[in-house]
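Visitor: Attaching a single structure in structure tokens format; questions to follow.
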Amino acid sequence: MNRFAWKGQIYHTNEKRELKIFENSWVLCENGICKGVFGELPEDWKDAELTDFGDKIIIPGFSDLHVHAAQYSYIGTGMDEELLGWLEKYAFPEEAAFFDLEYAKKAYSCFVRDLRKSATTRASIFASKHVPATELLMEMLDKTGLKTYVGKVNMDRNCPDYIREESAEISGNDTEKWVSETIDKFENTKPILTPRFTPTCSDEVMAKLGEIQKKYGVAMQSHLSENQGEIAWVKELCPDTEFYGEAYDKFGLFGGENCPTIMAHCVYSSDEELELIEKRGVWICLCPQSNMNVATGIAPARKYLEKGLKIGLGSDLAGGSTLSIFRAITDSVVASKLRWRLVDQNLKPLSVAEAFYMATRGGGSFFGKTGAFEEGFEMDAVVIDDSALYTPKKLSMHDRFERLCYLYTDSKIVAKCVAGKMINLE
Ligand code: GUN
Ligand code: FE
């Protein structure tokens, strides 16, 4: 039996999205599973492996539900563009470079290293259309111990020749071969179906992905209702659908039994679309930084939370410009305030606790039971030294946590585990 306990200043959220604070407490882990938080170490845990982290902060690891690994090399550039122009000028040319495995190795090494050292413990990732580079990324990620889904991207129409897959048949066959070869290959990394978005995927490809989904029970991710131009385009391309989500649903690629699905953005989802999202149990992934950078808009996060929809946060690199989910937390709060002031006074802003919930429990639920220090949850934990965020003021525990979220760049991660296994932070 493998048992360890960590002592520190512990924070997580409960099901009601409230911040729970445990000062000078112990969090316990047995065989990868959390046994809860205790003010005093239980008598029968005295011979477990004990680490006292003193005044350091312990939080559940973050889940990044939407990130493009093949866009990491150009983060922080291209920010004067809007979504569709940005895809043409930045995303597509960069992703095309991943046909070259040497380049892919260099670029993915940076991404994997930085993700490993971040406060993220789980992620759902877009690669590029190239199978060899996607498998390389999966191998690299698997070795880190982080729990990840990785998608080979499908795109067989409405994109430049140099990045478009040659035919629907090749796109579908490559995908099935890749899924069948990787579905049981890795301990920590799984394939996830990844049609880029409806505009770049023909009906033939979508139908084939629907078949693969049924045959292998594989998870699914894509983009949804991110930008108004994109939504109008989908309407033109799919005249038989009432709303964008139906363009995935009609191929069996929109949640439901046995098809766990993440849809990134949902900035402009209509009530009908939300109804289907709810019915099918689709996870919404909010990517506030990307939505601001490529000027798509502000998703009504409060509405989604109040409806009880499944919801998590994503960095959406390189629409987003940082891997840090702390930034996604504070951006989602700030964006909700602007939306409240400028768009809809009925939707009050998010609190930091609610955003922290989305980053941990909300997104974590896509991976099973993780994202909180409750008994029975998989133990993903991050220990943070925030001493460099010095202030002479005596802060409450709540304010110390809020400040960490806003000022995270000067803090240091000193330990991290995923499902109870330590992650190398070197
Ligand atoms: N829609 C289709 N492809 C992309 C992408 O790479 N990034 C974002 N943010 N939206 C997309
Ligand atoms: Fe994206």
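The values are calculated or read from the model by the stated rules, or taken from the named source; none is laboratory data. Everything numeric here is computed off the predicted structure, so don't read it as measured data. Quick reminder, even Gly has a Cβ in these numbers, built from the backbone with ideal geometry, and neighbours come from all protein chains shown. Keep in mind that these areas ignore ligands, DNA and RNA; they rest on the heavy atoms of the full protein, side chains included. Shrake-Rupley method; radii C 1.70, N 1.55, O 1.52, S 1.80 Å.
Visitor: Select from the range 320-335 the residues that are under 15 Å from residue 356 (Cβ atoms), β-branched (Val, Ile, Thr) and open to solvent by 20 Å² or more (accessible area, probe 1.4 Å) and list them in ascending order.
Guide: Scanning the range 320-335 gives a single hit, 334.
Visitor: Considering (1) surrounded by fewer than 17 Cβ atoms within 10 Å (Cβ to Cβ); (2) over 30 Å from residue 104 (Cβ atoms); (3) touching a residue at least 24 places away in the same chain (Cβ under 8 Å), say which one residue 46 fails and leave the rest.
Guide: Every listed condition holds for residue 46 apart from (3).
Visitor: Next question. Would you kindly identify the helices (runs of 4 or more DSSP H) lying entirely within the range 269-311 that contain at least 3 residues that are within 16 Å of residue 332 (Cβ to Cβ)?
Guide: 288-293, 301-306
Visitor: Right, something else. Please indicate, with yes or no, whether at least one residue in the range 99-110 is in contact (Cβ under 8 Å) with a residue 24 or more places away in the chain, within 21 Å of the chain's Cα centre (by Cα) and within 13 Å of ligand 1 (Cβ to nearest atom).
Guide: There is no residue in the range 99-110 that is in contact (Cβ under 8 Å) with a residue 24 or more places away in the chain, within 21 Å of the chain's Cα centre (by Cα) and within 13 Å of ligand 1 (Cβ to nearest atom).
Visitor: Surrounded by fewer than 23 Cβ atoms within 10 Å (Cβ to Cβ), at pLDDT 95 or above, on the phi < 0 side of the Ramachandran plot and in contact with a strand residue (DSSP E or B) (Cβ under 7 Å, 6 or more places away or on another chain): which single residue out of 305, 317, 313 fits that description?
Guide: 305
Visitor: Based on this model, can you work out whether residue 251 counts as without any contact (Cβ under 8 Å) to a residue 60 or more places away in the chain, hydrophobic (A, V, I, L, M, F, W, C) and touching a Gly at 6+ places or on another chain (Cβ under 8 Å)?
Guide: Yes, satisfied.
Here is a yes/no grid of residues against (1) closer than 20 Å to residue 376 by Cα; (2) in contact (Cβ under 8 Å) with a residue 12 or more places away in the chain; (3) buried (at least 21 other Cβ atoms within 10 Å of the Cβ); (4) not basic (Lys, Arg):
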site: 15; (1), (2), (3), (4): yes, yes, no, yes
site: 23; (1), (2), (3), (4): no, yes, no, yes
site: 58; (1), (2), (3), (4): yes, yes, yes, yes
site: 85; (1), (2), (3), (4): no, no, no, yes
site: 92; (1), (2), (3), (4): no, yes, no, yes
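Visitor: So residue 149 passes all but one of these: (1) open to solvent by less than 30 Å² (accessible area, probe 1.4 Å); (2) within 16 Å of ligand 2 (Cβ to nearest atom); (3) closer than 28 Å to residue 113 by Cα. Which condition number does it fail?
Guide: That leaves (1) as the condition not met.
Visitor: Scan the range 212-231 for residues that are more than 19 Å from residue 168 (Cβ to Cβ) and either touching a strand residue (DSSP E or B) at 6+ places or on another chain (Cβ under 7 Å) or within 15 Å of ligand 1 (Cβ to nearest atom) (or both) and jot them down.
Guide: Selection gives 219, 221, 223, 224, 225, 226, 227, 228, 229, 230, 231.
Visitor: List every residue pair whose Cβ atoms sit under 9 Å apart, with the two residues 6 or more apart in sequence or on different chains, where the first one lies in the range 216-228 and is open to solvent by 10 Å² or more (accessible area, probe 1.4 Å) and the second, anywhere, is away from ligand 1 (no atom under 16 Å from the Cβ).
Guide: 216/176; 216/179; 216/180; 216/183; 216/191; 217/183; 217/258; 217/259
Visitor: Further question on the same structure: Within the range 222-257, which residues are hydroxyl-bearing (Ser, Thr, Tyr), within 16 Å of ligand 2 (Cβ to nearest atom) and over 14 Å from residue 275 (Cβ atoms)?
Guide: Within the range 222-257, 222, 248 meet the criteria.
Rundown of residues vs (1) in contact with a Cys (Cβ under 8 Å, 6 or more places away or on another chain); (2) buried (at least 24 other Cβ atoms within 10 Å of the Cβ); (3) β-branched (Val, Ile, Thr); (4) more than 20 Å from residue 363 (Cα to Cα), yes/no style:
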{"site": "98", "(1), (2), (3), (4)": "no, yes, no, yes"}
{"site": "101", "(1), (2), (3), (4)": "no, no, no, yes"}
{"site": "108", "(1), (2), (3), (4)": "no, yes, no, yes"}
{"site": "113", "(1), (2), (3), (4)": "no, no, no, yes"}
{"site": "116", "(1), (2), (3), (4)": "no, no, no, no"}
{"site": "120", "(1), (2), (3), (4)": "no, yes, yes, no"}
{"site": "127", "(1), (2), (3), (4)": "no, yes, no, no"}
{"site": "131", "(1), (2), (3), (4)": "no, no, yes, yes"}
{"site": "137", "(1), (2), (3), (4)": "no, yes, no, yes"}
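Visitor: Is it true that some residue in the range 346-363 is in contact with a strand residue (DSSP E or B) (Cβ under 9 Å, 6 or more places away or on another chain), under 13 Å from residue 121 (Cα atoms), open to solvent by 20 Å² or more (accessible area, probe 1.4 Å) and not aromatic (Phe, Trp, Tyr)?
Guide: Yes: the range 346-363 contains one or more residues that are in contact with a strand residue (DSSP E or B) (Cβ under 9 Å, 6 or more places away or on another chain), under 13 Å from residue 121 (Cα atoms), open to solvent by 20 Å² or more (accessible area, probe 1.4 Å) and not aromatic (Phe, Trp, Tyr).
Visitor: Can you pull out every residue in the range 259-289 that is over 19 Å from residue 218 (Cα atoms) and of a type in the set (Phe, Trp, Tyr)?
Guide: Within the range 259-289, just 268 meets the criteria.
Visitor: May I pose another question? Mind listing whichever residues of the range 155-205 are assigned to a helix (DSSP H, G or I), open to solvent by less than 10 Å² (accessible area, probe 1.4 Å) and away from ligand 1 (no atom under 16 Å from the Cβ)?
Guide: 172, 175, 178, 179, 182
Visitor: Across the range 389-426, which residue is farthest from residue 4 (Cα to Cα) among those that are open to solvent by 70 Å² or more (accessible area, probe 1.4 Å) and of a type outside the set (D, E, K, R)?
Guide: Among residues in the range 389-426 that are open to solvent by 70 Å² or more (accessible area, probe 1.4 Å) and of a type outside the set (D, E, K, R), the one farthest from residue 4 (Cα to Cα) is 392.
Visitor: Scan the range 332-349 and give yes if some residue there is closer than 16 Å to residue 266 by Cβ and under 15 Å from the mean Cα position of the chain (by Cα), otherwise no.
Guide: Scanning the range 332-349, I find at least one residue that is closer than 16 Å to residue 266 by Cβ and under 15 Å from the mean Cα position of the chain (by Cα), so the answer is yes.
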